[in-house]
Amino acid sequence: MNILEKLINILKPDKACSSCPQAKFGACQKLAASLEGIKKIAVVGSPNVGKSMTFNCLTGAYANVSNYPGTTVEVFRGKTILNGEEFEIIDTPGMYSLMPISEEERVARNILLNEKPIIVLHVVDAKNLERMLPFTLQLIEAGLPVILVLNIMDEAERLGIKINIEAMQHELKVPVVATVSARGEGIDILKGKMEEYVRTKICG
Amino acid sequence: MSEQKYADDVLGSSFKKIELMLQADYGISKHSIGSLLLQGDDEIISLVKLKDPENFSKIMEAVNFAKSSYNDPLSYIIAIQNQGKANYIIERAMEYGPSKGISYREKISKVMIDPLTGIPIMLLVLYYGIYKFVGDFGAGVLVNFIENGIFIKYINPLVIKIFIKIIPWEVLRSLFTGEYGIITLGVRYAVALIFPIVTTFFIAFAVIEDSGYLPRLALLIDRLFKKIGLSGRAVIPMVLGLGCDTMATMVTRTLPTKRERLIATILLALAVPCSAQLGVILSLLEGNPKGLWVWVGVITLVFVFVGFVSSKILPGEGPSFYMEVPPLRLPKLSNVFLKTWTRVKWYFIEILPVFILVSVFIWIGQLTGIFNFLTMLLTYPIRWIGLPDKTAVAFLFGFFRRDYGAGGLYDIKKAGLFTGNQLVVACITLTLFLPCVAQFLMNIKERGWRAAVGISVFVLFFSFSVGYLVNLAFNTFGINL
């Protein structure tokens, strides 16, 4: 049904995208609403950094969250609204790098390869940035639309770690957001960055 | 992305060469595909063979040339380069200040991993978390209250009265309120027996998992697990199996090698009782502490023995262990309840239809005489391991679900048909007995038809053999529990 509606929207030249609040973006969105239907956002990262928590915060759905690595072995899918448009969010099993070692990592990589996500949220543990950043670089190098999410900021701060978000953004040339997903902190900022990202990406 | 310059080394020029030859669309950049090729990723190699068949042999030539030019594996060199870039960024964007009071957590963490202090802690967790909370409170107090205080006193008589009024036919009425009726047996088992046990278990488990204890337990037991061909990583599906073996079988995906996954699946099907079964067995052996110890001993022995033997038989290299150890945290109450709630809900939706279906099957079976025929068939192995004929029904239930079978034993014990020895033998055999239907289906999904059927046949024979041996040992040594 959804796909059909979008198709009709594309075919009607004068009607702006009805679900789009910013009229001037209507035309771009129409262009982008491809025949594949709903656009996808993938949540990736190492095991036990709070991917599922972030997923839960963004979708309002419930994926099981545990304090041990490897809880998510199935792929969870939920929905979120950005700029008044519906997006599919995919919660993936944990992966350490683009080179898969275990079965779940393979599943996660295939999502990146095959599902053409419009945003890739790389969730990392802010305490262990040294170990996690190489994967961020790999994702950026792969040409994927990365937003880096520095999660578990509260524990990092307690350890005395200070991260300069601006400098990080400048070096990586991708958006960087600090969150504490267990308490829902920073999720609104993340959503804001995601909306901005979608807009600039579609309209150039 | 910014332009990167590699021109002055072999690796850099190989990257360039390969990127030029890659023509197809891979969903990620050509540089990344090249990098994965150079690192020897089999999946990507076959993908390139498929998508760029003309250039494939030339591409692989370039890959092999680059490989032969270095002493170290390319994956290592690329990782080092990548880490260097990461460190460069971190130097510019991160600062370390003084840390504020996290060291006591580190201390507790160390105490949990050190075998000297860790093993007593593990036993304490098991004793209070499982035995006291699930066994005594869930399977004892709560089951008693719901079963005797609610079902037998109020619901059963009321339901029987109502059904006598609305259904005049004895045969049809027995489908609902007979000995194996949908309400008197199916719903009663689900609500009075399984529900309180599973709920208490999931609460205990949620607290344990959210605290971050499990990975530390994994580190603690790693050495023992290595002996049976598993890494400490496998602790998590095993402990999860104490909750629900079906769920746990799915989680064996986190194990890195095929061999480990197969061994873990066998052990889950054979020697790891699920929470519902565990709870019922704890309440069966209540007041018989020696029997409980024999049960624990035999199951542990089987677990270690089968793990050890299968790791010797199944080909493949030994496991390596690495695991992220997350910080210890105080579990959040809301998350514990949310998690328990979703799990109990999931569990209930799964079991209730099965329980009702079993009642229907038995009803049909009784009408057609198949039920009696099957129970009669089962009485042979049952007698062989020295149990009263009536136990055959419980084992027949066990074909459908583990907990249902254990529930059957519960009724037989209440009727006073077991001696102490028989109860222990029955508990051991039924614990080892077949995986439930759901787990069997999961085995097929995860390990394939042949492995799943093979495992079930093995388990079926093995469980009765162990029952026989235990019974034999009791008789030979004149042990009376």
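Summarise the partner chain shielding of B:88-97 as one whole number: the mean count of Cβ atoms from other chains within 10 Å of each residue's Cβ.
6
I'd like to know which of B:346, B:192, B:470 lies farthest towards the positive end of the charge dipole of chain B, counting +1 on Cβ of Lys and Arg and -1 on Cβ of Asp and Glu.
Going by the charge dipole, the pick is B:192.
If the reach is capped at under 14 angstrom between alpha carbons, list the aspartates and glutamates near residue B:161, excluding any in the same chain fewer than eight residues apart.
Counting by Cα, and skipping residues close in sequence, residue B:161 has these aspartates and glutamates nearby: B:170.
In whole Hz and in residue order, list the ³J(HN,Hα) couplings for segment B:106-120 that follow from phi through the Karplus curve 6.51 cos²θ - 1.76 cosθ + 1.60, θ = phi - 60°; x for Gly and Pro.
Working through the residues one at a time gives 4, 5, 4, 4, 4, 4, 6, 8, 5, x, 4, 9, x, 5, x Hz.
Hey, got the average number of other protein chain Cβ atoms within 10 angstrom for residues in B:235-245?
1
Hey, which of these cross-link pairs are over 29 Å Cα-Cα: A:39/B:17; A:116/B:85; A:193/B:17; B:67/B:226; B:413/B:445; A:40/B:51? Intermediate values should be presented prior to the final figure.
Values: A:39/B:17 34 Å; A:116/B:85 26 Å; A:193/B:17 37 Å; B:67/B:226 33 Å; B:413/B:445 36 Å; A:40/B:51 24 Å.
Exceeds cut-off: A:39/B:17; A:193/B:17; B:67/B:226; B:413/B:445.
Can you sort B:418, B:308, B:397 by solvent-accessible area, 1.4 Å probe, largest first?
Highest to lowest solvent-accessible surface, that is B:308, B:418, B:397.
Which of rounded, prolate or oblate describes segment B:393-481 when judged by the alpha-carbon gyration tensor and an a/c cut-off of 1.5?
In terms of gyration-tensor shape, oblate.
Roughly how many Å is it from the Cα centre of segment A:113-159 to that of segment B:63-122, as a whole number?
Each part reduced to its Cα centre gives a spacing of 16 Å.
As a test of reading the structure, rank B:341, B:295, B:363, B:384 by solvent-accessible area (1.4 Å probe, protein chains only), most first.
Numbers: B:341 150, B:295 15, B:363 50, B:384 130 Å².
The ordering from most to least exposed comes out as B:341, B:384, B:363, B:295.
Give me a comma-separated list of calculated 3J(HN,Hα) values for segment A:46-57, in order, Karplus coefficients 6.51, -1.76, 1.60 applied at θ = phi - 60°, integers in Hz, x for any Gly or Pro.
5, x, 6, 10, x, 4, 5, 4, 4, 4, 4, 4
Looking only at the protein assembly as shown, where both bridge partners belong to it, what percent of the DSSP beta bridges are antiparallel (to the nearest 5)?
Taking every DSSP beta bridge with both residues in the protein assembly as shown, the antiparallel ones total about 40 percent.
What list of ³J(HN,Hα) values in whole Hz, one per residue of segment B:169-179 in order, does the Karplus curve 6.51 cos²θ - 1.76 cosθ + 1.60 (θ = phi - 60°) give from phi, with Gly and Pro shown as x?
The phi angles translate into 8, 3, 4, 5, 5, 5, 4, 9, 10, x, 4 Hz.
Accessible area, 1.4 Å probe, largest first: how do B:127, B:189 sort?
Order by accessible area, largest first: B:127, B:189.
Can you give me the accessible area per residue for the protein assembly as shown, using a 1.4 Å probe, in Å²?
45
Over the heavy atoms of residue B:436, what accessible area does a 1.4 Å probe trace out, to the nearest 10 Å²?
Near enough 10 Å² of accessible area.
Roughly speaking, to the nearest percent, how much of chain B's 1.4 Å accessible area is carbon and sulfur?
Whole-percent figure for carbon plus sulfur exposure: 68.
Enter the buried accessible area of the A/B pair, total of both sides, probe 1.4 Å, in Å² rounded to the nearest 100.
On the way: alone 10680 and 25290 Å², together 30780 Å².
The contact between B and A buries close to 5200 Å².
If amide hydrogens are placed 1.01 Å from N in the peptide plane, which non-local residues have theirs closer than 5 Å to the one on residue A:185?
When sequence neighbours closer than 5 places are left aside, the close amide H contacts are A:180.
Can you send over the solvent-accessible area of residue B:413, 1.4 Å probe, protein chains only, in Å² to the nearest 10?
80
Between B:426, B:122, B:288, whose Cα lies farthest towards the positive end of the dipole of segment B:115-476 when Lys and Arg beta carbons carry +1 and Asp and Glu beta carbons carry -1, centred on the Cα centre?
Among B:426, B:122, B:288, the one farthest towards the positive end of the dipole of segment B:115-476 is B:122.
Mind grabbing the accessible area of residue B:128 for me, 1.4 Å probe, Å², rounded to tens?
Only protein atoms counted, so the area is about 140 Å².
About the Cα centre of chain B, how large is the charge dipole given +1 on each Lys and Arg Cβ and -1 on each Asp and Glu Cβ? Please answer in debye to the nearest 20. It would help to have the intermediate numbers written out before the result.
Details: 45 positive and 33 negative charges, 178 e Å.
The calculation lands at about 860 debye.
Going by a ≥ b ≥ c, the root eigenvalues of the Cα gyration tensor, does segment B:247-307 fall in the rounded group (a/c under 1.5), the prolate group (a/b larger than b/c) or the oblate group?
Oblate, because a/c is 1.5 or more while a/b does not exceed b/c.
Non-local amide H neighbours of residue A:89 (under 5 Å, H modeled in plane, Pro and chain starts lacking H): which ones?
A:41, A:78, A:79, A:80
The values are calculated or read from the model by the stated rules, or taken from the named source; none is laboratory data. It should be emphasised that the depicted structure is a prediction, and the values quoted were computed from it without experimental measurement. Positions of Cβ are backbone-derived with ideal geometry, glycine not excepted, and every protein chain shown enters the neighbour counts. The accessibility values were calculated without ligands, DNA or RNA, using every heavy atom of the protein model including side chains. Shrake-Rupley method; radii C 1.70, N 1.55, O 1.52, S 1.80 Å.
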